[in-house]
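The values are calculated or read from the model by the stated rules, or taken from the named source; none is laboratory data. From a predicted model like this one, the values you see are computed outputs, not experimental measurements. Glycine also receives a Cβ, built like all others from the backbone with ideal geometry; neighbour counts cover every protein chain displayed. Note: areas computed on protein heavy atoms with side chains; ligands, DNA, RNA excluded. Shrake-Rupley method; radii C 1.70, N 1.55, O 1.52, S 1.80 Å.
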Amino acid sequence: MISVILCAAGSGSRAKQPVNKVLRELHGMPVLCHSLSAFSFCDEILVACREEDEARILPLLPPNARTVRGGGTRFESVYSALREAKGEIVLVHDAARPFVSRACIDACIQSVKTYGSGIAAVPVSDTVARAEDGLATEIPPRESLYALQTPQGFRTDDLRFAYERAAADGRRGFTDDSGVYAAYVAQPRLCAGDVQNRKLTYPSDFGASRVGFGVDTHAFDIPPEYSRGIARLNLNYIVLGGIAIPSNHAIKAHSDGDVAVHALMDALLSAAGKRDIGWYFPDSDPAYLGADSMKLLGRVMEIVREEGFTVRNASISILAEQPRLSPYIGQITDSLKHALGCEAVAVAAGTNEKLGYIGEGKGITAYAFVLLD
Ligand code: CTP
Ligand code: MG
């Protein structure tokens with residue numbers, strides 16, 4: 001019988017996420033669920049977690065998993081789960097390593113069966129130095145150095161014994177289980193880890209980029225039926241990227257009709273996995289009559305930031321037969337750079353070669369792509 005301890009009782013302080021990093025969404029499910037899935041074949045899964053996260057974790061657990069109250073350090077968390085582990089073999093795994101493969105887990109189990117322990121490890125790619133007061137006191141040959149990962153597997157009785165001895169000695173600062181085992185049982189055996197099996201620690205480790213696309217069209221000229229009521233007439237200019245551009249044609253719109261910003265907002269919201277601008281700023285709401293789209297963009301950026309994203313780049317393309325936009329591209333670009341807090345913003349403009357509604361001068365369309373980090 002194989003027991004697994006999933007360490008999820010940290011706070012993820014360095015990751016600076018709105019929730020504990022093990023509960024952050026990654027590829028469509030919480031980080032913890034990736035490990036739950038990878039170890040689902042094991043007989044027993046003990047998830048060490050904080051009291052405040054338990055209500056969110058319980059619904060994620062398969063029938064062979066249960067929670068155990070974690071402690072203030074990783075050592076304490078593993079120690080409290082170890083007391084409950086029933087298997088002859090125990091694997092300890094950081095829930096913050098969601099990319100663990102079945103091959104890595106199997107290598108670990110095989111090593112425990114053969115040698116009594118199995119520590120997933122990969123050769124270091126950087127040269128490593130031991131240092132004191134800023135001086136490298138030792139630079140060991142890189143060939144003999146490994147970075148230790150999890151899972152780390154042991155005979156349960158051995159690891160429990162090591163933890164009990166370490167606790168009795170007041171040595172509770174170990175950052176992994178191989179250290180505890182090495183101090184009280186034997187030299188642990190390394191097995192094949194995986195460079196993909198990295199631990200999510202810093203914000204950039206959650207660097208899953210998200211692409212978003214948005215499009216918006218507005219009609220030029222105002223047919224008589226639109227000349228009363230809510231439609232707004234901008235007869236001398238149109239607004240793109242917050243910049244007023246002289247134009248003989250008006251744009252029919254409830255807001256200021258800034259197609260570039262509308263397309264951009266939909267791209268941003270879609271990349272962040274949110275609903276579209278019509279949902280956030282309905283044109284049935286008089287509050288948005290004649291609205292300054294740059295202000296709405298400011299609100300969209302707040303939503304994007306609340307979701308933990310920043311803009312990596314934005315690409316906007318505007319199609320209109322008139323007015324000529326090229327003299328204003330620089331201003332539009334600068335305005336959008338400022339609003340997005342991002343230098344990598346590109347704006348292109350063109351005509352539609354007299355084809356279709358754009359070519360006939362009936363309307364203007366903008367497309368936007370964004371990439372969020
Ligand atoms: N962990 C734990 N109990 C603790 C501290 C950490 O179970 N008291 C777990 C974490 O949830 C994580 C793993 O141990 O899955 C590795 O620890 P680390 O990467 O340091 O995570 P955190 O302690 O959560 O992050 P930080 O140190 O940035 O606060
Ligand atoms: Mg920690």
message: Using a 10 angstrom Cβ neighbour count of at most 13 plus a DSSP loop assignment to flag exposed trypsin sites (Lys or Arg not before Pro), which longest range of the chain is free of such sites?
response: 87-227
message: Quick check on segment 2-202: take the gyration tensor over C-alpha atoms, sort the square-rooted eigenvalues as a ≥ b ≥ c, and tell me if it's rounded (a/c under 1.5), prolate or oblate.
response: rounded
task: Would you mind checking Lys16/Lys295; Lys21/Lys274; Lys21/Lys199 for any pair whose Cα atoms are more than 18 angstrom apart?
output: Lys16/Lys295; Lys21/Lys274
- prompt: Can you give the extra length, in nm with one decimal, that the chain gains between Ala183 and Leu355 once fully stretched, where that is 0.36 nm per residue apart less the Cα-Cα distance?
  reply: 54.2 nm
- prompt: For the pair Asp133 and Tyr115, how long in nm is the line joining their label points, each one 7 Å along Cα→Cβ?
  reply: 3.8
- request: Could you order Met1, Met29, Met294 by accessible surface area, starting with the largest, using a probe radius of 1.4 Å?
  value: Met1, Met29, Met294
query: Is the shape of segment 307-359 rounded, prolate or oblate, going by the alpha carbon gyration tensor and its root eigenvalues a ≥ b ≥ c, with a/c under 1.5 for rounded and a/b larger than b/c for prolate?
result: prolate
- request: May I ask for the distance between the Cα centers of segment 1-20 and segment 157-213, given as a whole number of Å?
  value: 12
- prompt: Which whole-number value in Å² is the accessible area per residue of segment 60-100, probe 1.4 Å?
  reply: 38
task: Could you tell me which of Ala15, Leu82, Val185 has its Cα farthest along the dipole of segment 2-202 towards the positive end, charges placed at Cβ (Lys, Arg +1; Asp, Glu -1), taken about the Cα centre?
output: Ala15
- prompt: What nm distance separates the two modelled labels at His27 and Asp126, each placed 7 Å from Cα along Cα→Cβ?
  reply: 2.5
Gain on full stretching of the segment that runs from Ser204 to Asp157 - 0.36 nm per residue minus C-alpha separation: 13.1 nm
query: Tell me, what HN-Hα J-couplings in whole Hz come from the Karplus equation 6.51 cos²θ - 1.76 cosθ + 1.60 at θ = phi - 60° for each residue of segment 69-80, using x for Gly and Pro?
result: 5, x, x, x, 10, 4, 3, 5, 5, 5, 4, 5
query: Efficiency by 1/(1 + (r/R0)^6): what FRET value for Arg171 and Asp373, r their Cβ-Cβ distance, R0 = 45 Å, to the nearest 0.05?
result: 0.65
- prompt: Treating the beta-carbon of each Lys and Arg as +1 and of each Asp and Glu as -1, no other charges, what is the dipole magnitude of segment 25-179 about its Cα centre, to the nearest 20 debye?
  reply: 280
FRET efficiency, Lys362 to Glu51 (Cβ-Cβ, R0 51 Å, nearest 0.05): 0.25
- prompt: Per the helix-only calculation at 222 nm, which mean residue ellipticity applies to the chain, given -39500 (n - 2.57) for every DSSP H run of n ≥ 4 and division by its residues, nearest 500 deg cm²/dmol?
  reply: -8000 deg cm²/dmol
- prompt: Averaged per residue, what accessible area in Å² does segment 209-372 show with a 1.4 Å probe, protein chains only?
  reply: 49
task: Could you check what % of the DSSP bridge pairs in the chain are antiparallel, to the nearest 5?
output: 60
Whole-percent carbon and sulfur share, accessible surface of the chain, 1.4 Å: 51
message: For Val19, what accessible surface area do you get with a 1.4 Å probe? Give it in Å², rounded to 10.
response: 40
message: If amide hydrogens are placed 1.01 Å from N in the peptide plane, which non-local residues have theirs closer than 5 Å to the one on Ala65?
response: Ile45
statement: Listed by chain and number, the residues whose amide H is under 5 Å from that of Arg312, excluding neighbours fewer than 5 places away on the same chain and using placed H, are Leu371, Leu372, Asp373
